[in-house]
Amino acid sequence: MFTGIIQAVGKIGRIEPQGADSRLFVETGSLDLHEAALGDSIAVNGVCLTAIEYDGARFAADVSGETLARTTLGGLKPGSEVNLELALQPTTRLGGHLVSGHVDGVGEIVERRADGRSVYFAVRAPERLARYIAEKGSICIDGISLTVNGVHGAQFDVNIVPHTLQETTLHAARVGQKVNLEVDVIARYLERLLLGDEAAKTDGGGITHELLARQGFLQD
């Protein structure tokens, strides 16, 4: 688990194709690795990876074809900047929100503009994720815990304060850029719980007005 509070911005050193998979070598910059061990989880742009090798100020991790296909990691190149966060410890302050590092989908930045001292971003999410994104709720963009300011269908907006802009890869984010999205884990599990026995049906249509009525959540 992670908090979505970025600890450092690193860079991709090199990428080694391994058949359908890849091995990433990540230069960690200012990230403190002195307590890190083989097998530890490190979030790279919000994707939970397992460190299989350490070499000074860098680590290596294998990335499956599934992860390459379902996140933005497949588009990384040597020199690409990435947001980094070590996994939670029991004594860690939970400054953001609970983040699993399991990306739900890839969104696209559709607008960026100055808004006072902050920067406004509008992001279009995949339509299937729209129901999990709520105004003033939490969203994780490339591993960064952010508050949703507004929601308009499958599009939502956030404001990035100067510190977050400076300390993450968002300083270079541009319109048209793809970003990893992870919705609030509580929303995902809440939906499954509300489905009850319907969750076991592979052709289920999700939560509907009829389902809520049958479960007693709606009254005439």
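The values are calculated or read from the model by the stated rules, or taken from the named source; none is laboratory data. Everything numeric here is computed off the predicted structure, so don't read it as measured data. Heads up, the Cβs are rebuilt from the backbone with ideal geometry, glycines too, and the neighbour counts pull from every protein chain shown.
Before we move on, is residue 134 aliphatic (A, V, I, L, M) and either buried (at least 18 other Cβ atoms within 10 Å of the Cβ) or in contact with a Gly (Cβ under 7 Å, 6 or more places away or on another chain) (or both)?
For residue 134, the condition - aliphatic (A, V, I, L, M) and either buried (at least 18 other Cβ atoms within 10 Å of the Cβ) or in contact with a Gly (Cβ under 7 Å, 6 or more places away or on another chain) (or both) - is not met.
Test of understanding: among 47, 26, which residue is at pLDDT 95 or above and under 22 Å from residue 139 (Cβ atoms)? Selected residue: 47, the only one of 47, 26 that is at pLDDT 95 or above and under 22 Å from residue 139 (Cβ atoms).
Taken across the stretch 96-117, residues that are at pLDDT 95 or above, more than 17 Å from the chain's Cα centre (by Cα), closer than 28 Å to residue 20 by Cα and among the basic types (Lys, Arg) do not occur at all. Could you tell me whether the stretch 177-187 includes any residue that is within 30 Å of residue 29 (Cβ to Cβ), at pLDDT 80 or above and acidic (Asp, Glu)? Yes.
Could you look through the stretch 92-120, keep only residues that are of a type in the set (A, V, I, L, M, F, W, C) and either in contact with a Lys or Arg (Cβ under 9 Å, 6 or more places away or on another chain) or closer than 17 Å to residue 183 by Cβ (or both), and pick out the one that is surrounded by the fewest Cβ atoms within 10 Å (Cβ to Cβ)? First the steps, then the outcome.
Initially, the stretch 92-120 is screened for residues of a type in the set (A, V, I, L, M, F, W, C), giving 94, 98-99, 103, 106, 109-110, 114, 119.
The next check asks that each one be either in contact with a Lys or Arg (Cβ under 9 Å, 6 or more places away or on another chain) or closer than 17 Å to residue 183 by Cβ (or both); those that pass are 98-99, 103, 106, 109-110, 119.
Working: 98: 16, 99: 25, 103: 23, 106: 18, 109: 18, 110: 14, 119: 19.
Looking at the filtered set, the residue picked out is 110.
Among residues of the stretch 187-198 that are within 14 Å of residue 104 (Cβ to Cβ), those with a beta-carbon under 6 Å from a residue that is modelled with pLDDT of 80 or more at least six positions away or on a different chain give the pairs 187/132.
State which residue is surrounded by the most Cβ atoms within 10 Å (Cβ to Cβ) when the search covers only the stretch 6-57 and only residues that are in a loop (DSSP other than H, G, I, E, B) and among the charged types (D, E, K, R).
The first filter runs over the stretch 6-57 and keeps only residues in a loop (DSSP other than H, G, I, E, B), leaving 6-7, 19-20, 28-40, 45-46, 55-57.
If we keep only those that are among the charged types (D, E, K, R) as well, we get 32, 35, 40, 55.
Working: 32: 10, 35: 8, 40: 16, 55: 10.
The extreme case among them is 40.
When restricted to residues that are hydroxyl-bearing (Ser, Thr, Tyr) and either in contact with a Cys (Cβ under 7 Å, 6 or more places away or on another chain) or in a helix (DSSP H, G or I) (or both), the stretch 58-67 contains 1. As a summary of the residue check, residue 77 satisfies the conditions (1) more than 30 Å from residue 148 (Cα to Cα); (2) surrounded by fewer than 17 Cβ atoms within 10 Å (Cβ to Cβ) except for the one numbered (1).
Taking the listed residues 130, 134, the one that is outside any strand (DSSP E or B) and within 21 Å of residue 2 (Cα to Cα) is 134, with no other qualifying.
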